[in-house]
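Everything below concerns the one structure shown next.
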Amino acid sequence: MNILVLNCGSSSVRFQLIATDAALIERDSDLCLARGHLERFGPESLVSFRAEGQPAIERTEAVADHRAAIEIILRWIKSLGDIHAVGHRVVHGGERFQQSVRIDEEVLAGIEACAELAPLHNPVNLRGIRAATELLGTDVPQVAVFDTAFHATMPDTSYLYALPLELYQKHHIRRYGFHGTSHRYVAERYQKLKGLSPDAVNIITLHLGNGCSACAIKNGKSFDTSMGFTPLEGLVMGTRCGDIDPSIIEHLVAHADMRPAEIDALLNFDSGLLGVSGLSNDMRTLLDADIEQHNPRARLAIDIFCQRVKKYLGGYIAEMGGADAVIFTGGIGENSPVIRARICKGLECLGLTLDSVRNFELPPNGGEISTPGSSLKCLVIPTNEELMIARDTFLVVENSRAR
Ligand code: AMP
């Protein structure tokens with residue numbers, strides 16, 4: 001089955017065309033037929049396409065909106081084969097969507113209702129779903145795969161804030177968690193690599209990219225995760241602050257003459273690695289500035305970043321009563337041995353000793369980077385959210401046909 005995976009951002013669409021079916025999933029040999037993205041919608045949008053075995057196409061082109069972008073994608077991939085189903089990344093499923101679902105009018109209304117919780121994301125995801133329906137017709141099934149769904153298994157002790165309980169009951173204020181598709185993918189890869197049954201997976205996954213989150217996976221299920229009501233909570237990220245004392249907001253209102261919306265923007269877009277370093281949200285730039293120019297703010301930003309990860313790791317190991325492995329994924333987690341080494345330094349007390357040679361000489365498909373004697377293993381597993389979305393889409397469509 002050829003699945004078109006769509007990931008709609010505020011002014012971008014990323015896509016992959018993936019061929020999958022039960023046998024391909026079983027053998028882990030699904031095929032990515034094409035991938036690409038259209039970014040910065042406007043008269044000179046950046047367009048990038050790459051089909052398997054063909055040279056990449058990079059150009060600028062006028063792209064008005066999500067509908068126009070999806071129309072261009074469909075025109076381009078038509079020659080590669082029919083599209084049998086579409087899988088959409090949807091950021092927020094609230095408490096209602098605890099797994100991937102086939103999209104119908106009721107599901108659309110449900111995603112719309114969750115937009116209150118993710119006003120920047122869900123409306124954009126809906127635009128993508130509506131455009132795909134208009135362009136492909138209602139005969140091509142569409143499936144929504146939610147970033148939050150994997151974390152639906154968290155116990156109330158993990159998802160509730162210590163606020164008056166009425167805020168949860170009346171206003172749905174709770175921790176939802178995000179990056180669920182990535183944490184789930186990585187956990188499944190680990191399970192297969194180790195030949196375990198799903199409920200024997202006890203690991204901590206670290207998705208470290210521009211957005212960062214940690215997840216405590218106990219008996220194969222999300223037990224706790226660092227992002228909360230929004231993706232702002234938890235680890236230090238490219239431009240997000242992660243955990244801070246909430247009283248800072250009131251203090252800034254009173255003493256820095258800032259409005260809540262300005263503070264929200266500051267915490268989301270001007271903080272994190274960028275805010276501390278004053279230089280960049282990009283870890284590569286900060287590592288270069290630290291190592292080559294001895295830039296003290298770049299060093300400080302990296303140190304705060306790594307210390308926060310350690311803090312969550314230690315906390316999760318205590319919460320879970322021990323874990324078997326720590327998994328690095330995401331742009332930083334997969335590609336930066338220096339950051340992995342800084343995070344793991346001193347974790348020998350938890351049973352994790354990094355093999356410094358393996359850490360630096362890792363093949364692109366990842367692998368184990370702890371010493372054979374480590375009781376807490378450490379692995380790098382590249383994430384693949386698009387593949388997870390394609391597989392879910394296939395399974396949901398097959399199940400709905402069987403019924
Ligand atoms: P993502 O959001 O998963 O695409 O990850 C983006 C982040 O990964 C950015 O901070 C990049 O600087 C970082 N990154 C990508 N490659 C490397 C690398 N080789 N070393 C350090 N950081 C990297």
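With a 1.4 Å probe and all protein chains kept in place, how do Glu112, Glu334 rank by accessible area, largest first?
Glu112, Glu334
State which helices in the chain qualify, where a helix is a whole DSSP H run, it must extend 27 Å or more along its own axis by its Cα atoms, and its mean Kyte-Doolittle hydropathy must be at least 1.6.
Both cut-offs are met by no helix.
What is the gain in length, in nm to one decimal, between Ser400 and Arg297 on full extension, counting 0.36 nm per residue of separation less the C-alpha to C-alpha distance?
Extending this stretch completely gives an extra 31.7 nm.
Which value, in Å² rounded to 10, gives the accessible area of Lys194 with a 1.4 Å probe and all protein chains present?
Roll a 1.4 Å probe over it and Lys194 shows about 90 Å².
May I ask you to derive the FRET efficiency for Ala113 and Ile244 from their Cβ-Cβ distance with R0 = 30 Å, giving the value to the nearest 0.05?
Between Ala113 and Ile244 the formula returns 0.55.
Need one number for the stretch 217-288: average projected area of the convex hull over its C-alpha atoms, nm².
Across all orientations, the stretch 217-288 yields a mean hull projection of 6.3 nm².
Residue-wise, which Karplus ³J(HN,Hα) couplings in Hz belong to the stretch 272-282, taking 6.51 cos²θ - 1.76 cosθ + 1.60, θ = phi - 60°, and x for glycine or proline?
Couplings: x, 4, 5, x, 6, 6, x, 10, 6, 8, 9 Hz.
The chain: percent of C-alpha pairs farther apart than 42 Å?
That fraction is 11 percent.
For the stretch 264-403, rounded, prolate or oblate, judged on the Cα gyration tensor with a ≥ b ≥ c (square roots of eigenvalues), a/c < 1.5 rounded, else prolate if a/b > b/c?
The shape class here is oblate.
What area, in nm² and to one decimal, does the C-alpha convex hull of the stretch 1-62 cast on average over all directions?
4.7 nm²
Mind giving me the FRET efficiency for Glu361 and Gln169? R0 is 60 Å, r the Cβ-Cβ distance, nearest 0.05 is fine.
For R0 = 60 Å, the calculated efficiency reads 0.70.
How much length, in nm to one decimal, is gained on full extension between Ser48 and Thr157, taken as 0.36 nm per residue of separation minus their Cα-Cα distance?
Answer, rounded to one decimal: 34.8 nm.
What do the square roots of 5 times the Cα gyration tensor eigenvalues come to for the stretch 223-343, in whole Å, largest first, as semi-axes of the equivalent ellipsoid? Let's see the in-between values first.
Numbers: eigenvalues 130, 91, 24 Å².
Semi-axes, largest first: 25, 21, 11 Å.
For the stretch 145-186, which semi-axes, largest first and in whole Å, follow from the square roots of 5 times the eigenvalues of its Cα gyration tensor? Before the final figure, lay out the partial values.
On the way: eigenvalues 107, 20, 9 Å².
Equivalent-ellipsoid dimensions as semi-axes: 23, 10, 7 Å.
Which far-off residues, 5 or more places away or on another chain, put their amide H under 5 Å from the one on Gly9, with H placed in the peptide plane?
Sorted by chain and number, the residues that satisfy this are Arg14.
For the ranges 324-331, 202-209, 263-270, what's the packing order if you count other beta-carbon atoms within 10 Å of each residue, average per peptide, and put the highest first?
Per-residue mean Cβ counts within 10 Å order the peptides as 202-209, 324-331, 263-270.
List the pairs from Lys194/Lys221; Lys218/Lys377; Lys170/Lys310 whose alpha-carbon separation is above 26 Å, in the order I gave them. List each step's numbers first, then the result.
Details: Lys194/Lys221 17 Å; Lys218/Lys377 15 Å; Lys170/Lys310 35 Å.
Correct reply: Lys170/Lys310.
Does the stretch 7-133 classify as rounded, prolate or oblate by the C-alpha gyration tensor (a ≥ b ≥ c root eigenvalues; a/c under 1.5 gives rounded; else a/b over b/c gives prolate, otherwise oblate)?
oblate
Let me check I've understood the local charge: for Leu167, count other residues with C-beta under 13 angstrom from its C-beta, Lys and Arg +1, Asp and Glu -1. What total comes out?
Around Leu167, the surrounding residues sum to +2.
Starting from the amide H of Ile103, placed 1.01 Å from N in the peptide plane, find each other amide H under 5 Å away whose residue is 5 or more places distant or on another chain.
Hits under the 5 Å cutoff: Gln142, Val143, Ala144.
For the chain, give the percent of accessible area contributed by carbon and sulfur heavy atoms, probe 1.4 Å, rounded to a whole number.
Here carbon and sulfur together make up 52 percent of the probe-accessible area.
I need the calculated FRET efficiency for the pair Ser29 and Ala64, taking r as the beta carbon distance and R₀ as 35 Å, to the nearest 0.05.
So the FRET efficiency works out to roughly 0.40.
The values are calculated or read from the model by the stated rules, or taken from the named source; none is laboratory data. Note that the coordinates shown come from a computational prediction; the quantities given were computed from them, not determined experimentally. Glycine gets a Cβ as well: all are built from the backbone with ideal geometry, and neighbour counts include every protein chain shown. Only protein heavy atoms, including side chains, enter the accessible area calculation; ligands, DNA and RNA are left aside. Shrake-Rupley method; radii C 1.70, N 1.55, O 1.52, S 1.80 Å.
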